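Dropping a structure here in structure tokens format, bear with me for questions.
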């Protein structure tokens with residue numbers, strides 16, 4: 001999408017002081033993947049949330065401080081797991097690359 | 001035919017029945033724009049908030065409103081309604097429960113919902129769907145599947161209370177699923193004596209339900225006593241509809257209710273007990 005920033009969607013206009021945000025973009029062969037499913041698993045591997053990626057391959061979670069795993073499912077792709085740490089007042093940016 | 005086959009259909013079944021006038025596909029999403037982008041051919045949409053919630057009071061649309069809604073969407077009393085949606089069928093299961101609340105005979109869920117359909121790269125179309133209007137007649141609400149707050153309070157320590165939210169919401173570390181901003185109830189935590197059995201443990205990664213044996217074992221291992229009545233709750237009653245579906249429709253447990261007030265009500269009530277942390 002024209003003018004889209006690198007990484008997750010813009011956080012302009014959001015008060016992030018009390019949020020522990022995790023966001024990013026899913027790509028395959030350098031192209032954004034729309035309609036992939038990104039699942040947020042907690043430290044114990046338990047499902048916490050799941051979102052489909054946007055037209056520009058982006059996703060976002062309002063998590064809590066701590067360690068998380070992102071599990072990405074997309075048509076015709078292997079499942080990808082990635083670890084991420086969220087901290088209060090910060091945005092953790094994650095790039096997910098599908099084979 | 002087993003119970004499971006009566007209430008759950010797979011994608012191949014849906015594809016084989018596309019165009020059958022007595023089978024109505026209904027998409028129900030949290031993200032109500034998903035349907036506009038595309039949907040399964042012939043599917044009509046129900047908006048879980050706009051169509052199914054009273055616009056003023058916190059309650060459902062009444063029987064007459066439900067009748068006019070279904071009549072307008074072209075759903076008849078003798079139609080087979082197949083519900084599906086995003087978010088692992090949370091809102092489709094909620095609508096399923098809602099159809100049962102108003103006494104619809106033949107409703108089914110598409111196993112895996114929209115996600116499984118998409119992951120299989122099956123066809124989605126963007127054409128508008130218009131079904132001929134009907135004269136739908138609903139029954140009075142079946143209160144044997146709907147729990148209210150006083151009943152929930154009485155059930156503490158007496159019946160199975162199943163909190164189907166994520167462990168972090170249960171313990172009070174999060175107030176809502178992590179893809180939504182933190183808001184809602186006045187207080188975090190869970191209802192004392194409720195077991196935390198997240199809805200997600202009933203489903204595979206692709207959103208399809210686990211086997212009957214796996215499901216039964218899941219609840220038994222977490223201390224659910226199948227000889228007792230059960231009340232399921234979550235934050236707003238949609239994920240607990242998913243669990244209600246597992247317990248009542250797949251496992252055929254007779255006395256299972258969904259507490260649709262759920263945490264957004266309980267966590268805002270004055271004077272009720274709340275437990276924090278990972279233990280019931």
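Read the figures in this text as sums done on the coordinates, not as results from a lab. What you are looking at is a predicted structure, and each value in this text was computed from that prediction instead of being measured. Reconstructed Cβ throughout: ideal geometry from the backbone, glycine too, with neighbour counts over all protein chains shown.
How far apart, in nm, are two points set 7 Å out from the Cα along the Cα-to-Cβ line at residue B:142 and at residue A:34?
4.0
So in chain B, what percent of DSSP beta bridges are antiparallel if you round to the nearest 5? Write out the running numbers ahead of the final one.
Numbers: 4 of 28 bridges.
Antiparallel bridges make up about 15 percent of those DSSP assigns within chain B.
Express in nm, to one decimal, how much length is gained between residue B:252 and residue B:106 on full extension, taking 0.36 nm for each residue of separation and deducting their alpha carbon distance. Write down the numbers at each step before the final one.
Working: separation 146, 0.36 × 146 = 52.56 nm, distance 1.59 nm.
Going from the current span to full extension adds 51.0 nm.
Rounded if a/c is under 1.5, else prolate if a/b is larger than b/c, else oblate: which is region B:134-249, with a ≥ b ≥ c the root eigenvalues of its Cα gyration tensor? Let's see the in-between values first.
Values: a/c = 1.20, a/b = 1.12, b/c = 1.07.
Because its axes are fairly even, with a/c under 1.5, region B:134-249 counts as rounded.
Hey, what's the Cα Rg ratio for region A:46-99 versus the globular rule of thumb, 2.2 N^0.38 Å? Working shown, then result.
Details: Rg = 11.6 Å, N = 54, 2.2 N^0.38 = 10.0 Å.
Taking the Cα Rg and dividing by 2.2 N^0.38 Å, one obtains 1.16.
Quick one: go through region B:233-257 and flag any residue whose amide nitrogen is under 19 Å from the point 7 Å out along the Cα-to-Cβ line of residue B:186.
Counting only backbone N, you get B:235-236.
Can you sort B:57, B:114 so the residue with the fewest Cβ neighbours within 10 Å comes first?
With the sparsest Cβ surroundings first, the list reads B:57, B:114.
While we're here: For region B:202-280, take N as its residue count and report Rg(C-alpha) divided by 2.2 N^0.38 Å. Please list the in-between numbers first.
On the way: Rg = 13.7 Å, N = 79, 2.2 N^0.38 = 11.6 Å.
That ratio works out to 1.18.
Taking a ≥ b ≥ c as the square roots of the eigenvalues of the Cα gyration tensor of chain B, is the shape rounded (a/c under 1.5), prolate (a/b larger than b/c) or oblate?
Working: a/c = 1.66, a/b = 1.51, b/c = 1.10.
Here chain B falls in the prolate category.
Can you give the mean number of other chain Cβ atoms that lie within 10 Å of the Cβ atoms in peptide A:41-49?
Numbers: counts 2, 7, 2, 4, 0, 7, 11, 11, 10.
Mean shielding by partner chains, rounded to a whole number: 6.
What residues of region A:18-47 lie in the reach of a label at residue B:126, counting those whose backbone N is under 16 Å from a point 7 Å from the Cα along Cα→Cβ?
A:34-35
Would you please give the FRET efficiency between residue B:274 and residue B:226, computed as 1/(1 + (r/R0)^6) with r the Cβ-Cβ distance and R0 = 22 Å, to the nearest 0.05? The partial results should precede the final answer.
Working: r = 27 Å, r/R0 = 1.22.
So, using R0 = 22 Å, E works out to roughly 0.25.
Sort B:89-99, B:137-147, B:223-233 for me by packing, meaning the mean count of neighbouring Cβ atoms within 10 Å per residue, highest on top.
Values: B:89-99: 27.5, B:137-147: 15.8, B:223-233: 17.8.
Top of the packing list down: B:89-99, B:223-233, B:137-147.
Antiparallel versus total DSSP beta bridges in chain A: what percent is that, nearest 5? Don't skip to the answer; put the middle values down first.
Numbers: 25 of 33 bridges.
Once the DSSP bridges in chain A are tallied, antiparallel ones form about 75 percent.
Let me ask something else about it. Against the 2.2 N^0.38 Å scaling, with N counting residues, where does region B:79-215 land? I'd like the Cα-based Rg ratio to two decimal places. List each step's numbers first, then the result.
Numbers: Rg = 17.9 Å, N = 137, 2.2 N^0.38 = 14.3 Å.
Normalised by 2.2 N^0.38 Å, the Cα Rg of region B:79-215 equals 1.26.
Turning to a different aspect of this structure: Which shape class applies to the protein assembly as shown: rounded if a/c is under 1.5, otherwise prolate when a/b exceeds b/c and oblate if not, where a ≥ b ≥ c are the square roots of the Cα gyration tensor eigenvalues?
On the way: a/c = 1.58, a/b = 1.10, b/c = 1.44.
Note, shape of the protein assembly as shown comes out oblate.
Give me B:68, B:262, B:240, B:200 ranked fewest to most by other Cβ atoms within 10 Å of their Cβ, as a rough exposure proxy. Kindly include the intermediate steps, with their values, before the conclusion.
Details: B:68 15, B:262 27, B:240 31, B:200 22.
Listed from fewest to most nearby Cβ atoms, that is B:68, B:200, B:262, B:240.
Next question. In whole Å and largest first, what semi-axes does the C-alpha gyration tensor of chain A yield when each eigenvalue is scaled by 5 and square-rooted? Don't jump to the answer; show the numbers that get you there.
Details: eigenvalues 85, 63, 18 Å².
Over the Cα atoms of chain A, the semi-axes work out to 21, 18, 9 Å.
Now a separate question. Taking R0 as 45 Å, what FRET efficiency do you get between residue B:20 and residue A:78 from their Cβ-Cβ distance, rounded to the nearest 0.05? Working shown, then result.
Working: r = 36 Å, r/R0 = 0.80.
The computed FRET efficiency comes out at 0.80.
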